[in-house]
Amino acid sequence: MLAELDAALGERRASGLMRERRVIDSAQGPSVRIGEREFIAFASNDYLGLANAPELVDALCHAARAWGVGAGASHLIVGHQRPHELLEQELADYVAPCEGARALMLSSGYLANLAILTALAGRNDAIFADRLNHACLTDGALLSRATLTRYPHCDVHALREALATTQARRRFIVTDAVFSMDGDIAPLPELLAVAHAHDAWLVVDDAHGFGVLGGGRGSLAHFGLSSERIVYMGTLGKAAGVAGAFIAAHPLVIETLVQTARPYIYTTAAPAALAETLRTALRCIRDGDARRAQLGTLIAAFRARAEALPWTLLASSTPIQPLVVGEVETAVRVSEALAARSILVPAIRPPTVPAGTARLRISLSAAHTLDDVDALARALSEVAADA
Ligand SMILES: Cc1ncc(COP(=O)(O)O)c(C=O)c1O
């Protein structure tokens, strides 16, 4: 096996697809340190700048003294502590996907999506998924053993046609709310209407919308949507700045997950200290209008400054601003040239994005300043001129 692994890794290296982990020597923030060098970073999902916010650091220290550092067991044994319970109630009330919704905290968004799809869908069911969904929605669909149909990106017409021919017992429309590598927003009102018309469920992955859109409440509030057919997933390691995820839905859906979702049941609960810290993060999100306004200003400023670049800036009103350059080598070269100018922007390559659409995934945070955005725009123009 080692010889095979060596050959496969060699091929990956030769096609420029080798992934490297950069070791960051500082806390997350608008600038990070690698060794002795400082970089302005446009690479994290810390959209509100909470990952190193003093009030959250204090909350975690305080919570660790009160609750210790480990949950000690899974939720159904003795790991479910008061902070988990309170956080779930607060999240359910805040996001409110339907009247009387409940919420369930999980250790990551990846596990939350596996939990939703494996607990609710099975062999006789059908999952209809946007082609650009995040990998963990695809993995959850495959693990569920339901039939998986991938419809063209945001193509409601194609989705409707696919649903019209299904005989499946349960049908699920599954979509990112904000697409993680494109930054665009799914047409959730239309998708919900299709779900109603075809007796389907709508699973919404709001990893990149929660905390940012809808005044913080996320993509459902952004569109003013609420329905018993919605199963909502929000992550807590992006705009919320900490770690974990939650599912919010009708109480019967949540109780079914508690009883049967293996990614919830067979794993140690996240530390209560994190849940308690997340309660503070939720307050920061709730009171975060100034952070969201700053983010909006930076997004508009970046888009205005990026107009003259020779690459394709995708239409996105969210903090994810992808600059599609096409070939893998170009994306890597531009990313390296930016790093040489002390700016970190990751090159995103296939298979994470379709072949021929390698890109720079620029992500903005409320913790950035206009000067940071100016520095990025200047560096991009220089690199473009050299290309
Ligand atoms: C759209 C989407 N869903 C789910 C996840 C997984 O969330 P987590 O990082 O909490 O596992 C991510 C990113 O990591 C994502 O971008």
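Here is how the numbers come out for the structure above:
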| item | result |
| --- | --- |
| Residue satisfying condition, being touching a Gly at 6+ places or on another chain (Cβ under 6 Å) and buried (at least 16 other Cβ atoms within 10 Å of the Cβ), within set SER219, SER180 | SER219 |
| Enumeration of residues in segment 368-387 that are closer than 22 Å to GLN28 by Cβ and touching a Phe, Trp or Tyr at 6+ places or on another chain (Cβ under 9 Å) | HIS368, ASP372, VAL373, LEU376 |
| Residue that is of a type outside the set (A, V, I, L, M, F, W, C), outside any strand (DSSP E or B), under 28 Å from TYR110 (Cβ atoms) and touching a helix residue (DSSP H, G or I) at 6+ places or on another chain (Cβ under 8 Å), where the choices are ARG279, ARG305 | ARG279 |
| Residue match in segment 18-39 (condition: more than 30 Å from LEU370 (Cα to Cα) and part of a loop (DSSP other than H, G, I, E, B)) | yes |
| Where a residue in segment 221-244 is over 19 Å from PHE179 (Cβ atoms) and its partner, wherever it lies, is more than 12 Å from the ligand (Cβ to nearest atom) and β-branched (Val, Ile, Thr), with Cβ under 6 Å and at least six apart | VAL242/THR277 |
| VAL69 vs. criteria within 29 Å of ALA200 (Cβ to Cβ) and either touching an Asp or Glu at 6+ places or on another chain (Cβ under 8 Å) or in contact (Cβ under 8 Å) with a residue 60 or more places away in the chain (or both) | no |
| Qualifying position, being over 27 Å from ASP130 (Cα atoms) and modelled with pLDDT under 95, among ALA367, ALA339, ALA385 | ALA385 |
| Candidates ARG131, ARG169 - the one that is under 20 Å from GLY109 (Cα atoms), surrounded by fewer than 16 Cβ atoms within 10 Å (Cβ to Cβ) and outside the structural domain of ARG349 (by TED's automatic domain parsing) | ARG131 |
| Members of segment 249-270 that are closer than 27 Å to ALA64 by Cβ and either in a strand (DSSP E or B) or within 15 Å of the ligand (Cβ to nearest atom) (or both) | PRO263, TYR264, THR267, THR268, ALA270 |
| Matching entry among VAL231, VAL242 (being in a strand (DSSP E or B) and either within 15 Å of the ligand (Cβ to nearest atom) or not assigned by TED's automatic domain parsing to the domain that holds LEU117 (or both)) | VAL231 |
| Search result, residues across segment 342-357 that are more than 23 Å from ALA300 (Cα to Cα) and free of Cβ contacts under 8 Å to residues at least 60 places away in the same chain | PRO351, PRO354, ALA355, GLY356, THR357 |
| Subset of segment 160-202 [in contact with a helix residue (DSSP H, G or I) (Cβ under 6 Å, 6 or more places away or on another chain) and among the hydrophobic types (A, V, I, L, M, F, W, C)] | ILE173, VAL174, ALA177, LEU188, VAL194, LEU202 |
| Single match in ALA14, ALA92, ALA71 (criterion: exposed (fewer than 15 other Cβ atoms within 10 Å of the Cβ) and not assigned by TED's automatic domain parsing to the domain that holds ARG378) | ALA14 |
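Residue by residue, here is whether (1) basic (Lys, Arg); (2) within 16 Å of the ligand (Cβ to nearest atom) holds:
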| site | (1), (2) |
| --- | --- |
| LEU111 | no, yes |
| ALA119 | no, no |
| LEU142 | no, yes |
| PRO152 | no, no |
| ARG160 | yes, no |
| ARG171 | yes, no |
| ILE185 | no, yes |
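The values are calculated or read from the model by the stated rules, or taken from the named source; none is laboratory data. Note that the structure is a prediction, hence the values are computed from the model and not measured. For neighbour counting, all protein chains shown are included, and Cβ atoms are generated from backbone atoms with ideal geometry for every residue, glycine included.
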